[in-house]
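Some notes on the structure that comes next.
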Amino acid sequence: MKKVLAICVCFVAFCAFSAYAAVSADSPVYVRVGIYENQPKIFTDEQGNAQGFWPEIISYMASKEGWEIQWVHGTWTQCLERLKNNEIDLMPDVAYSDARDQSYDFSREDVYISWSTAYTQKDSRIQTMPDLHGKTVAVLRNSINYTGPDGIKKLADSFGFDCTFIETDSYLDVLTLVQNKAVDAGVVSKDFGHLHENEMNIKPTAIILQPVHLFFAFPATSQIKPYLIERIDYQVKQIQADGNSVYYQALKKWFGTNAIEKPVLPDYAKWTLIGVLGLVAVLGMGTVTFRYQVRRKTKELAADITEREQTEKALRESEEKLRHVFEAVPEGITIADLDGVIMDTNQAVVNMYGYDSKDELIGRNGGEFIAEKDRERTKDYLAGLIEKTVVRNSLVTLIRKDGREFPAELSAAVIKDTAGHPIGMIVVTADVTARMQAIAEHEKIGEYKELDKLKTNLLSTISHELRTPLASIKGYASLLLMYNEKLEEKQKNESLEAIDRSTDRLTELIDHLLDMSRLDAGLLRLGLDTVNPKDLVTAAVEEAKMRAPRYRFSKEINGRLPGIIADGRRLRQIIDNILDNAIKYSPQNTEITVRAEVKGADLLFSISDHGRGIPESEFKKIFERMYRIEQRLQKDPGGLGLGLSLCKSLVEAHGGRIWVESVIHKGSTFYFTIPLKPADRVRSNVEKETAKTNPDN
Amino acid sequence: MLRKKQQKQILIIEDESDLLKFSSWLLEAEGYKTLQAADGEEGIKIARQQQVDMILLDIRLPHRYGWDIMAEIKSTPDLRHIPIVVFTASADIEYKDKAFKMGAVDFLVKPVSAETLRKCVAAVFKNG
């Protein structure tokens with residue numbers, strides 16, 4: 001094992017010696033060196049000779065090492081590419097970066113420290129990084145001050161500044177773009193910028209990029225690289241250690257400065273220098289810290305400014321969006337102060353009221369546009385807004401510019417300031433004309449449908465009611481014809497009586513129908529005569545007993561009843577009609593009582609039953625013609641259902657009135673009055689009644 | 001034949017007393033027994049309690065329409081077998097359709113003659 005190791009060491013040593021020997025032989029070593037235009041650091045003069053700080057150092061080293069330097073001119077990018085491809089052996093003025101370390105190798109000794117500055121036009125207001133936001137910046141392609149870890153691109157990105165970078169092949173191109181105002185700023189090495197700023201009439205900004213250490217760079221795969229690195233490091237150390245060396249001369253010549261000095265001072269100065277260095281170190285630390293803080297603060301400030309600008313932009317966009325929505329909403333939106341004075345409206349309000357522009361509305365009180373009848377109510381409604389904060393859906397009538405009124409629905413909400421104090425109101429107005437018309441039409445259609453249904457039912461009912469007595473007549477007549485011998489005498493008599501009765505009933509029904517028709521046609525006339533109320537009531541009760549034997553009928557005549565001038569037939573019709581209802585709505589074997597008495601100037605009739613009763617809400621409705629039919633069909637069959645409305649017409653024709661009192665499940669009492677002395681009024685009321693029932697007359 | 005007829009008991013449900021009487025006299029003259037009810041509730045009560053071989057049913061009855069009564073009879077196991085003839089003064093075609101849909105065996109529109117009624121009842125018992 002030890003033997004193997006020894007052999008390996010010897011082999012490596014031999015290789016190194018061979019390489020060294022190869023290049024230290026008497027024949028010159030050709031070293032290809034990249035050169036680009038970056039005055040004063042490195043450039044070619046008018047004759048094409050390499051000039052500048054780096055060429056002087058290299059030339060010196062070449063003379064010392066016996067190299068033949070072959071300068072290979074190109075752009076910065078070309079030089080780096082050639083270096084990568086081993087087309088050149090050496091490239092000066094290269095800053096180290098991790099990325100570059102992948103492609104190249106570097107000398108161990110840094111040669112120069114430099115930094116870059118952003119330049120701009122003399123009249124430009126660009127001073128700091130935030131000023132570059134939204135600007136164009138010229139840069140040297142692939143330079144460390146552009147794409148390096150502390151380059152301008154990274155810096156702008158970290159601040160969130162939006163810069164457009166224009167890549168060029170040389171610093172001269174960068175500054176030319178700046179000079180020509182083709183860009184807003186350009187980043188160059190401070191030396192280059194300093195050299196050209198006056199002639200190009202440009203100025204440096206306060207934008208200074210992080211200093212970089214500059215090295216010699218070598219191809220990663222070069223055979224000569226180890227030799228060159230070793231020799232160059234040696235030479236750099238030597239010249240940097242000698243204060244009178246070409247290094248310092250070149251610094252002074254090309255930059256007017258001295259670089260970091262190597263220790264060649266006398267001892268007494270050494271301690272001074274150490275002190276100075278110490279102070280510089282402290283100051284340097286302070287500077288770095290300060291710079292960090294400035295950078296941080298700049299970053300914060302930049303962020304604040306950006307945030308403010310972004311906020312302002314967002315606010316503008318938001319306001320525009322809100323305004324757009326405000327104007328586009330089809331409902332009217334009005335903003336008013338607490339007194340109702342209009343401060344702003346949207347187009348929908350202008351259109352709704354028929355004005356030409358909102359200027360005709362702004363400044364006026366909203367109350368002006370409300371119809372007189374709704375003004376007070378709306379005022380109260382909006383007054384409650386402060387307390388309720390929101391009020392909804394108040395139906396009002398509004399007035400257009402041309403004076404026409406239209407229905408509208410208002411909703412309002414209070415507007416408060418940041419302290420929560422009400423400062424105004426927002427009112428939403430919807431023109432509901434179309435909706436109200438639709439509702440009215442719908443209701444009308446509903447009414448028509450209802451009327452149609454009732455008419456159909458009326459015909460059905462009339463048919464039924466007429467057929468019922470006819471059924472008795474037909475049935476008994478045919479019974480007598482077919483079974484005369486089989487029937488007992490009693491049965492025969494009852495059959496004939498039933499025929500007679502049914503004929504009367506039928507006649508009555510037909511008369512009833514005719515009466516309704518006459519009422520409609522305005523032809524109803526009362527046949528006035530002296531009527532004995534007691535006889536009237538007695539006859540009605542007796543007839544009812546015959547008609548409905550399963551009910552108990554009674555009469556009550558209170559006091560002496562005078563004769564009255566009336567249409568006796570019609571009075572009997574009224575009582576019979578009410579009795580029929582009592583029978584139909586009462587259970588069998590219950591009592592139905594007819595009463596008559598004098599009450600003041602009237603004769604008061606009443607018919608009481610113990611039927612199902614009538615809800616109070618229907619006390620008036622039951623005297624309406626159509627209502628009656630509908631109810632009866634649903635709950636109780638039988639009867640034309642026109643009776644009570646006819647009763648009402650007949651009673652009122654006499655100058656009396658009719659009403660009902662009832663308790664559900666307990667029973668009802670129908671009352672009607674006939675004036676004791678109606679003579680003059682009766683005649684005029686007959687005419688009035690027919691006019692009322694036939695308004696077209 | 002007469003003996004068979006005498007065994008048949010017909011329930012007449014009719015609120016018009018004259019028509020109730022007429023129908024009853026006619027059917028009794030034809031040798032049937034009759035039971036009478038002035039409303040549907042009474043009719044159902046009778047049908048549950050007594051032997052009923054046929055029901056003559058009016059539609060426009062007080063308190064409950066004849067349709068309700070018919071529906072109840074047809075949904076009652078002990079009663080649904082009883083043939084029902086609807087006997088109504090309503091000539092609406094809808095009534096006739098409804099009557100047959102609900103299971104009526106015949107539909108008579110008032111006024112009917114004694115002969116028509118007699119023939120109808122005879123047909124029911126002949127078919128039944």
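Based on what the data block shows, is A:Glu230 part of a loop (DSSP other than H, G, I, E, B), more than 30 Å from A:Arg296 (Cα to Cα) and modelled with pLDDT of 90 or more? Can you show your working first?
Values: part of a loop (DSSP other than H, G, I, E, B): no; more than 30 Å from A:Arg296 (Cα to Cα): yes; modelled with pLDDT of 90 or more: yes.
Answer is no for this residue.
Name the single residue, out of those in region B:94-121 being among the small types (Gly, Ala, Ser) and either within 13 Å of the chain's Cα centre (by Cα) or assigned to a strand (DSSP E or B) (or both), that is nearest to the other protein chains (Cβ to nearest Cβ). Per the criteria, the residue is B:Ala99. Among the residues of region B:24-42, those that are in a helix (DSSP H, G or I) and more than 17 Å from B:Lys8 (Cβ to Cβ) comprise B:Gly40, B:Glu41, B:Glu42. Number of residues in region A:380-431 that are in contact with a strand residue (DSSP E or B) (Cβ under 7 Å, 6 or more places away or on another chain) and of a type in the set (Gly, Ala, Ser) equals 8.
Among residues of region B:71-87 being touching a helix residue (DSSP H, G or I) at 6+ places or on another chain (Cβ under 8 Å) and under 13 Å from B:Phe100 (Cα atoms), the one that is surrounded by the fewest Cβ atoms within 10 Å (Cβ to Cβ) is B:Pro83. For region A:394-442, a tally of residues being in a strand (DSSP E or B) and over 23 Å from A:Asp344 (Cβ atoms) returns 4. The set of residues from region A:447-484 being hydroxyl-bearing (Ser, Thr, Tyr), surrounded by fewer than 18 Cβ atoms within 10 Å (Cβ to Cβ) and at the interface with chain B (Cβ under 8 Å from one of its Cβ atoms) comprises A:Ser460, A:Ser463. Of the candidates A:Leu528, A:Leu603, the single residue that is within 18 Å of A:Pro675 (Cβ to Cβ), touching a strand residue (DSSP E or B) at 6+ places or on another chain (Cβ under 6 Å), modelled with pLDDT under 90 and not aromatic (Phe, Trp, Tyr) is A:Leu528.
Within region A:424-439, the residues that satisfy the criterion of being over 19 Å from A:Phe369 (Cβ atoms) and not aliphatic (A, V, I, L, M) are A:Arg435, A:Gln437.
Identification of strands (runs of 3 or more DSSP E) wholly contained in region A:100-211 with 1 or more residues that are among the hydrophobic types (A, V, I, L, M, F, W, C) and out of contact with any Pro (no Cβ under 7 Å at 6 or more places or on another chain) yields A:104-106, A:116-121, A:136-140, A:164-168, A:185-189, A:202-208.
Out of all the residues in region A:533-545, is one or more hydroxyl-bearing (Ser, Thr, Tyr) and within 26 Å of A:Pro675 (Cα to Cα)? Within region A:533-545, one or more residues are hydroxyl-bearing (Ser, Thr, Tyr) and within 26 Å of A:Pro675 (Cα to Cα).
All conditions in (1) farther than 28 Å from A:Ser586 by Cα; (2) outside any loop (DSSP other than H, G, I, E, B); (3) away from chain A (no Cβ under 14 Å); (4) acidic (Asp, Glu) hold for B:Glu72, with the sole exception of (1). Residues in region A:355-393 that are polar (S, T, N, Q) and either outside any strand (DSSP E or B) or closer than 18 Å to A:Pro330 by Cα (or both): A:Ser357, A:Thr378, A:Thr389, A:Asn393.
State whether one or more residues within region A:235-245 are at pLDDT 75 or above and in contact with a strand residue (DSSP E or B) (Cβ under 9 Å, 6 or more places away or on another chain). Yes.
Every test in (1) farther than 30 Å from A:Asp504 by Cβ; (2) part of a helix (DSSP H, G or I); (3) polar (S, T, N, Q) is passed by A:Ser463 save one, and that test is (1). Taking the conditions exactly as written (surrounded by 17 or more Cβ atoms within 10 Å (Cβ to Cβ) and not polar (S, T, N, Q)), does A:Asp98 satisfy them or not? No, not satisfied. Hey, can you tell me all the residues within region A:82-98 that are within 18 Å of A:Leu214 (Cα to Cα) and not in a loop (DSSP other than H, G, I, E, B)? Those that are within 18 Å of A:Leu214 (Cα to Cα) and not in a loop (DSSP other than H, G, I, E, B): A:Leu83, A:Lys84, A:Leu90, A:Met91, A:Pro92, A:Asp93, A:Val94, A:Ala95, A:Asp98. Kindly check whether there is at least one residue in region A:130-144 that is under 21 Å from A:Pro211 (Cβ atoms), surrounded by fewer than 23 Cβ atoms within 10 Å (Cβ to Cβ), at pLDDT 90 or above and not charged (D, E, K, R). Yes, there is a match, as at least one residue in region A:130-144 is under 21 Å from A:Pro211 (Cβ atoms), surrounded by fewer than 23 Cβ atoms within 10 Å (Cβ to Cβ), at pLDDT 90 or above and not charged (D, E, K, R).
Please pick out the residue among A:Glu497, A:Glu556, A:Glu508 that is surrounded by fewer than 20 Cβ atoms within 10 Å (Cβ to Cβ) and within 12 Å of another protein chain (Cβ to nearest Cβ).
Criteria check complete, one pass: A:Glu497.
Scanning region A:83-94 for residues that are surrounded by fewer than 23 Cβ atoms within 10 Å (Cβ to Cβ) and out of contact with any Lys or Arg (no Cβ under 8 Å at 6 or more places or on another chain) returns A:Lys84, A:Asn85, A:Asn86.
Return yes or no: is B:Leu61 within 11 Å of another protein chain (Cβ to nearest Cβ), within 14 Å of the chain's Cα centre (by Cα) and in a loop (DSSP other than H, G, I, E, B)? Spelling it out, B:Leu61 is indeed within 11 Å of another protein chain (Cβ to nearest Cβ), within 14 Å of the chain's Cα centre (by Cα) and in a loop (DSSP other than H, G, I, E, B).
Please pick out the residue among A:Leu479, A:Leu459 that is under 30 Å from B:Glu115 (Cβ atoms), of a type in the set (A, V, I, L, M, F, W, C) and within 60 Å of the chain's Cα centre (by Cα).
Details: A:Leu479 fails: within 60 Å of the chain's Cα centre (by Cα).
Checking each option against the conditions leaves just A:Leu459.
Residues of region A:212-222 being at pLDDT 90 or above, hydrophobic (A, V, I, L, M, F, W, C) and not in a loop (DSSP other than H, G, I, E, B), which ones? Correct list: A:Leu214, A:Phe215, A:Phe216, A:Ala217, A:Phe218. Looking across region A:314-354, the residues that are under 16 Å from A:Leu398 (Cβ atoms) and in a helix (DSSP H, G or I) come down to A:Ala348, A:Val349, A:Val350, A:Asn351, A:Met352, A:Tyr353.
Within region A:350-390, the set of residues being β-branched (Val, Ile, Thr) and over 27 Å from the mean Cα position of the chain (by Cα) comprises A:Ile370, A:Thr378.
The values are calculated or read from the model by the stated rules, or taken from the named source; none is laboratory data. Remember, it's a predicted structure, so these values are computed and weren't measured experimentally. Please note: Cβ atoms are built from the backbone with ideal geometry, for glycine as well, and neighbour counts cover all protein chains shown.
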